[in-house]
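Heads up: the structure comes next, in structure tokens.
Coordinate-derived values only; no laboratory data. Quick caveat, the model's predicted, so the values are computed rather than measured. Reconstructed Cβ throughout: ideal geometry from the backbone, glycine too, with neighbour counts over all protein chains shown.
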There are 2 protein chains.
Amino acid sequence: MHAISEQNLFIFLLQIVLLLLAARGAGELFRKLKQPALVGEILVGIIFGPTILGRFLPGFDAFLFPANAVQHTMLETMSWLGVLFLLLVTGFDVEISAIWKQRRSSLTIGFVGVLLPMIMGAGLAFFLPEHYLVDPDRRLVFILFMGTAIAISAIPIIAKVLHDLDILKSDIGLTIISAFTVNDILGWVAFTIVLGLATRQRMDWFSSLRIFGGTAVFIAFSLTVGRRLVNGAVKWMNRSRLPKPGSVLTFIVVLGAACGALTQLIGIHAAFGFLIAGVMAGGSPAISQRSRQTISQMVYAVFVPLFFVSIGLRVDFFANFDLLLALAVTGVAIGGKFVGAWLGARMSAIGGRDAVALGIAHTPGGAMEILIGVLALEFGLINLVVFEAIVVAAIVSSILVGPLLTLALQLRRAFNARKYLLSDAVVFSLAGNTPLEAIGELCGSVSDNAGMPGAAQACAAVSLREGVMSTGVEHGIAIPHGRIEGLSQPVFTFGRSRNGIEWNTPDGLPVKLVFLILTPEPDADDTQVKILAAIARVISDNKLRRHMLASKNREELLDFFSTALRADWMSRAAKKSAK
Amino acid sequence: MHAISEQNLFIFLLQIVLLLLAARGAGELFRKLKQPALVGEILVGIIFGPTILGRFLPGFDAFLFPANAVQHTMLETMSWLGVLFLLLVTGFDVEISAIWKQRRSSLTIGFVGVLLPMIMGAGLAFFLPEHYLVDPDRRLVFILFMGTAIAISAIPIIAKVLHDLDILKSDIGLTIISAFTVNDILGWVAFTIVLGLATRQRMDWFSSLRIFGGTAVFIAFSLTVGRRLVNGAVKWMNRSRLPKPGSVLTFIVVLGAACGALTQLIGIHAAFGFLIAGVMAGGSPAISQRSRQTISQMVYAVFVPLFFVSIGLRVDFFANFDLLLALAVTGVAIGGKFVGAWLGARMSAIGGRDAVALGIAHTPGGAMEILIGVLALEFGLINLVVFEAIVVAAIVSSILVGPLLTLALQLRRAFNARKYLLSDAVVFSLAGNTPLEAIGELCGSVSDNAGMPGAAQACAAVSLREGVMSTGVEHGIAIPHGRIEGLSQPVFTFGRSRNGIEWNTPDGLPVKLVFLILTPEPDADDTQVKILAAIARVISDNKLRRHMLASKNREELLDFFSTALRADWMSRAAKKSAK
């Protein structure tokens, strides 16, 4: 506290109050309008920055953002914490083991979905007039950067769309999310290497090799030995008498900073180190979900909004705006990513209309695209004009995705899940205390019926899927599912557990209603996904769940669900025909 | 991100890794040695600061802490966040309504416990030679400051000692904790006003009046209308569709920053604004315990340790150390606070040996005393020599408190609670679903016995106490208690609730075992406190609780508890006689 004066502190607190309040308010307003919060947060930055406040209220602007290195640094430190921890928290959701188990299909979709926009982005950069370039002699670096920037996708938006399509928890949903995660990690690797190479004054073989080799070794080590070391360290902390969750929180923060510093030593950006640290921390079963939530809630509530605000604070958007370039970048980004994802989805046997929806879901670049733009600007890879075009592309695509998706989802046909419900197999009271026991009971109950597969075959298929990632969802529901060769037609049933079963659900609630879906392999009509969607939709009704849990006998339990399923189908069919 | 370079970021991450790891490691080590963590954290700062690293490894010191305003500011921003949010989080635990209900006794103990060390501190400052003063012409400010600094106590340490004495949840424990909270709030008010006055270049009537009046209005408004506004705002957020707990977290942070900026406008320090913001947020029933925990866990895991480290980083402790002054300040601080708290405890009818323990508990100045020293140094109220003496006093008193307390606690006699257990009144299965219903049942059951007070009289006394602050403790236990005039001898009993009763317990568990203690008024031998302590000790055994909850009839339930109580008494009596 030598450098920071009382006046600095006062201005800093004022900045926090005004910027955070405005950013979070605007963010929530945009969320209410079904738009991503970051659009509102960036707009607040533009309003408080040189574009509006600096232009129309220069006196207040000079008071709130005095030209003083100490004052600048205070707010920038918050903004840096926002960037770095945004990547850490993003890493939490990357499920390396799920990706590994699905590596073949993930890689296929990932490549198709990424290659196309990458080529289009690079093509645009190739043909761009020289005056858009920071250094015309280094067009190759610019081409590499634009290819990467355009191909990066917004995993949270994709996850949300899969959730809205009710296929997030299906095996196809799992494949898609894995594929785009692979995509984004590859994108980050490519971007940080481009950045590392570009910021060297002289490019020689040795430094290039060090960056490539160092990055490869860092990733390989972190995702294998590193992950186990992290898990082991946290396990030790849990066993010891260290206060929980304090010691684990410190550990995650230190891990992020250490990986960040290490990646800087390798020659790539610290942000990538935080991403990988997040992946390591996210994949450690010893770290409780709650510890991760404590960090991510604080990061999203305070630091991330300040980062998005800071984007608008740095640039006068009017002075550097090039409409033509903004249109071109936006068009290429949206078009390339839509076609890429649509093709990828089609190749993984997703129905035509769902593929359109997924293609649309891939269009927004979101937070990561903007972040890459900020870093590229920071390190002189691009100039302000290109930076603004990238920000505009990210914002426009984020705004368009909502309405376009609504349109795409309305095109889907109504599907009657009820005809696949095997009423005779419904179990009134599951005896098992673990997911595998419950799955075994339900499979056994199904196999007692004529024309059904043997319990062992069904159980094996479902357990295999369950092992990849838990099918437990919110509100005490789990929807295990499996594909069985030779099954004549799809079938599903359910059971109730009075005591509840620990199922690793996102909200931590024990599972009291277990739905089992068995579909033929191959499943041409995506019935698994459709049945899953119907169950998820119907069971999201609190009242229905309450009635089912309180039902006095098997008939009542079956009746409640079956009636709700029928009502859901009829209302959806009515909506379709009304159009 | 204009000011911060890649090199700045690298050094910053390195600082975080080294300082945070070392500080938290040392902190936990000290905690294991039954010492406050902050002692270890400050020592780490001294090691990394000019005292050790700067002296013996000047090259590494210059690398890790380069003389560069931007670099300094980054770490200082973290340290400021630590100070400000430490006060916010401290405010969470202040229970204004409990203090208000106990205002008479709280004020009595508070005054006695504070006045004595204040006078002694002021006296020391009065007689100190001129060369210890920053400005000999302003000795009055220095006297006021030293009085305040010496009288400030460490609420968390007192709470821990009351807990170890098993009287935290008794009515006397409540009074004591309220009293010292009042003490500390008054101390902070006094300190911030002294600071506000002292930092003005010219002291005139107008600015003095503005500071006094502004502070009074701010406190009065915040603790009355402000608290309701905060609660109303959070209630609205909870009802609205804003994401939880994100919006509440943002709100608390903005509230802190706004109060901080406001107090700066009034002319006092921002830290006081954060404290009051914490009190407002802590007293709002609409804010979930979990939201508060999310903030305090992050603050204690990352930011507070960096603040304590920063204390050692700023000062060369060897160069400015004055042994005589350090001894004098330490002696006055420990002596004054011990006698003050001991007198206060005696005046509130606490037994001689328990009063000694409480007197000892009051001796450490802890984090708040150091914080006040840092701010006073910052604003030129004291010089480095006095600052170091205050830090040494805070550290030495914090180190001594553990061993001294162990000694004091061993002096207490073994007390046989079992002879007051009214076996006939034990209730095997409580029917009530609320605390008041359960209290009513137990009181009724007691009054059915000869020589016992009427149910209505007992129930009124116990409910009154319960209304002040919940008697629910961890592990599903509640220990309601009351004092009844004319009761011939103390009595207690208990009941079991099969369904559990929502009792506002610290760990949120429903209460399944309710103990009721009735003691005569006056209660010369502190039997209430002793019975409470015995119950708390015995029931902390997980196995006993499990047996009691699983017992099949009334006799079994009574037998389990009664046997454990007897075993506890015998083992304690044996320990005493062995000495």
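Within 10 Å of each Cβ in A:243-249, how many Cβ atoms from other chains are there, averaged over the peptide?
Numbers: counts 7, 1, 4, 11, 5, 2, 6.
Taking all residues of A:243-249 together, the mean is 5.
For the protein assembly as shown, with only Lys/Arg (+1) and Asp/Glu (-1) charged at the beta-carbon, what is the dipole magnitude about the Cα centre, in debye rounded to 20?
Numbers: 96 positive and 78 negative charges, 414 e Å.
The calculation lands at about 1980 debye.
Starting with the highest mean, order B:323-335, A:443-455 by the number of other Cβ atoms within 10 Å, averaged over the residues of each peptide. Working shown, then result.
Working: B:323-335: 18.3, A:443-455: 16.3.
Put in order of decreasing packing, that is B:323-335, A:443-455.
Of the listed pairs A:101/B:244; A:101/A:244; B:244/B:543; A:244/B:543; B:419/B:552, which have alpha-carbon separations greater than 30 Å here? Could the numbers behind the result be given before it?
Working: A:101/B:244 34 Å; A:101/A:244 32 Å; B:244/B:543 37 Å; A:244/B:543 23 Å; B:419/B:552 25 Å.
Going by Cα-Cα distance, A:101/B:244; A:101/A:244; B:244/B:543 fall outside the 30 Å limit.
Would you mind working out the magnitude of the charge dipole of segment A:417-578 relative to its Cα centre, with +1 at each Lys and Arg C-beta and -1 at each Asp and Glu C-beta, to the nearest 20 Debye? It would help to have the intermediate numbers written out before the result.
Details: 18 positive and 18 negative charges, 145 e Å.
The calculated dipole for segment A:417-578 is roughly 700 debye.
Please compute the modelled spin-label separation between residue B:448 and residue B:385, points set 7 Å along Cα→Cβ, answer in nm with one decimal.
My value for the distance between the label points is 7.5 nm.
When Cβ neighbours within 10 Å are restricted to other protein chains, what is their mean count per residue of peptide B:251-260?
Numbers: counts 4, 2, 8, 10, 1, 3, 9, 6, 2, 7.
Rounded to a whole number, the mean comes out at 5.
From the C-alpha coordinates alone, can you work out the Kirkwood hydrodynamic radius of segment A:274-377, in Å? Before the final figure, lay out each step's value.
Working: mean 1/r = 0.0585 Å⁻¹.
Evaluated on segment A:274-377, it is 17.1 Å.
If you take the beta carbon distance between residue B:424 and residue B:138 as r and set R0 to 51 Å, what does 1/(1 + (r/R0)^6) give as a FRET efficiency, to the nearest 0.05?
Values: r = 70 Å, r/R0 = 1.37.
FRET efficiency, residue B:424 to residue B:138: 0.15.
Across the protein assembly as shown, how large is the tail of the calculated P(r) beyond 50 Å, expressed as a percent of all Cα pairs? Walk me through the numbers before you get to the answer.
Working: 237023 of 669903 pairs.
More than 50 Å apart: 35 percent of the Cα pairs in the protein assembly as shown.
Once you wrap a convex hull around the alpha carbon atoms of segment B:21-97, what is its projected area averaged over all directions, in nm²?
Values: hull surface 27.6 nm².
Over all viewing directions, segment B:21-97 projects a mean Cα-hull area of 6.9 nm².
For chain B, take every pair of Cα atoms, bin their distances at 10 Å starting from 0, and report each bin as a whole percent.
Each 10 Å bin holds this share of Cα pairs: 3, 16, 24, 25, 18, 10, 4, 1, 0.
Using the Karplus curve 6.51 cos²θ - 1.76 cosθ + 1.60 with θ = phi - 60°, work out ³J(HN,Hα) for each residue of segment A:472-487 in order, rounded to whole Hz, and write x for Gly and Pro.
x, 10, 5, 6, x, 10, 9, 10, x, 8, x, 10, 10, 5, x, 5
Which of the listed residues, A:194, A:91, A:508, is farthest toward the dipole's positive end in chain A, when Lys, Arg count +1 and Asp, Glu count -1 at the beta-carbon?
Farthest towards the positive pole: A:508.
Taking only the alpha carbons of segment A:381-453, what extent do you get along each of the three principal axes, in Å, biggest first?
Computed over segment A:381-453, the largest-to-smallest principal extents equal 68, 32, 22 Å.
In percent, how large is the relative contact order of chain B, given Cα pairs closer than 8 Å and 6 or more residues apart?
Details: 915 pairs, mean separation 99.0, N = 579.
RCO, chain B: 17 percent.
How charged is the neighbourhood of residue A:491? Take every other residue with its Cβ under 15 Å from the Cβ of residue A:491, and add Lys/Arg as +1 and Asp/Glu as -1. Before the final figure, lay out the partial values.
Working: positive: A:418, A:419, A:483, A:530; negative: A:424, A:448, A:485, A:521, A:523, A:525.
Charge balance in the 15 Å sphere: -2.
If we count every other residue with Cβ under 11 angstrom of residue B:282's Cβ, Lys/Arg +1 and Asp/Glu -1, where does the sum land? Mind showing how you got there, number by number?
Values: positive: B:227, B:292; negative: B:93, B:95.
Taking every other residue near residue B:282 into account, the sum is 0.
Give me the number: length gained by fully extending residue A:239 to residue A:319, i.e. 0.36 nm times residue separation minus the C-alpha to C-alpha distance, one decimal in nm. Walk me through the intermediate numbers first.
Values: separation 80, 0.36 × 80 = 28.80 nm, distance 5.83 nm.
Length gained, residue A:239 through residue A:319: 23.0 nm.
For peptide A:8-21, compute the average count of partner chain beta-carbon atoms within 10 Å of each residue's beta-carbon. Provide the component values of the computation, followed by the final result.
Details: counts 4, 10, 6, 2, 7, 15, 6, 2, 7, 10, 4, 1, 5, 6.
For peptide A:8-21, the averaged partner shielding equals 6.
Hey, what's the Kirkwood Rh for segment B:417-578 if you take every pair of different alpha carbons, in angstrom?
Taking every pair of different Cα atoms in segment B:417-578, averaging 1/r and inverting gives 15.7 Å.
Give me the angle, in degrees from 0 to 90, between the Cα long axis of helix B:246-266 and the longest principal axis of the Cα atoms of chain B, rounded to the nearest 10.
60
Around residue B:511, which amide H atoms from residues at least 5 apart in sequence, or from another chain, sit under 5 Å from its own amide H, with H modelled in the peptide plane?
B:501, B:502, B:503
Taking Cβ-Cβ under 4.7 Å as the only way to count a partner, pick out the unpartnered cysteines of the protein assembly as shown.
Singleton cysteines: A:259, B:259.
Can you compute the radius of gyration and Dmax for segment B:73-410, using only the Cα atoms, both in Å?
Final numbers for Rg and Dmax: 19.7, 63 Å.
Go through segment A:226-297 and name the trypsin sites (Lys or Arg not before Pro) that are in a DSSP coil and have 14 or fewer other Cβ atoms within 10 Å of their Cβ. If you can, show how the numbers build up before the last one.
On the way: sites: A:227, A:228, A:235, A:239, A:241, A:290, A:292; in loops: A:241.
Of the trypsin sites (Lys or Arg not before Pro), the ones in loops of segment A:226-297 whose Cβ has at most 14 other Cβ atoms within 10 Å are A:241.
With charges set only on the Cβ (+1 for Lys and Arg, -1 for Asp and Glu), what does the dipole of segment B:73-410 come to about its Cα centre, in debye to the nearest 20? Write out the running numbers ahead of the final one.
Details: 22 positive and 17 negative charges, 291 e Å.
So the dipole magnitude of segment B:73-410 works out to roughly 1400 debye.
Looking at the protein assembly as shown, send over the antiparallel percent of its DSSP beta bridges, to the nearest 5. Don't jump to the answer; show the numbers that get you there.
On the way: 18 of 36 bridges.
Bridges in the protein assembly as shown that DSSP calls antiparallel: roughly 50 percent.
Work out the charge dipole of segment B:73-410 with +1 on the Cβ of Lys and Arg and -1 on the Cβ of Asp and Glu about the Cα centre, then indicate which of B:231, B:207, B:391 is farthest towards its positive end.
Comparing the listed Cα positions along the dipole, B:231 ranks first.
With a point put 7 Å past each Cα toward its Cβ, work out how far residue B:437 is from residue A:56 in nm, to one decimal.
6.0
Run through the DSSP bridge list for chain B and note the antiparallel percent, rounded to the nearest 5. Don't jump to the answer; show the numbers that get you there.
Details: 9 of 18 bridges.
Roughly 50 percent of the DSSP beta bridges within chain B come out antiparallel.
Under the rule of at least 5 residues apart or a separate chain, name every residue whose amide H is placed under 5 Å from the amide H of residue B:421.
Sorted by chain and number, the residues that satisfy this are B:492.
Using Cα-only point scatterers and the Debye equation, what is log10 of I(q)/I(0) for segment A:220-261 at each q in 0.15, 0.21 Å⁻¹, rounded to two decimals?
-0.38, -0.70
Once amide H atoms are built 1.01 Å from N in the peptide plane, which residues 5 or more positions from residue A:383, or in another chain, come under 5 Å H to H?
Distant-sequence amide H within range of residue A:383: A:134.
At 0.36 nm per residue, minus the direct Cα-Cα distance, what do residue B:498 and residue B:69 gain on full extension? Give it in nm, one decimal, please.
On the way: separation 429, 0.36 × 429 = 154.44 nm, distance 6.34 nm.
Computed gain between residue B:498 and residue B:69 is 148.1 nm.
Show me the ranking of peptides A:420-433, A:383-396, B:497-510 by mean Cβ neighbours inside 10 Å, starting with the highest. Walk me through the numbers before you get to the answer.
Numbers: A:420-433: 17.3, A:383-396: 22.7, B:497-510: 15.4.
Per-residue mean Cβ counts within 10 Å order the peptides as A:383-396, A:420-433, B:497-510.
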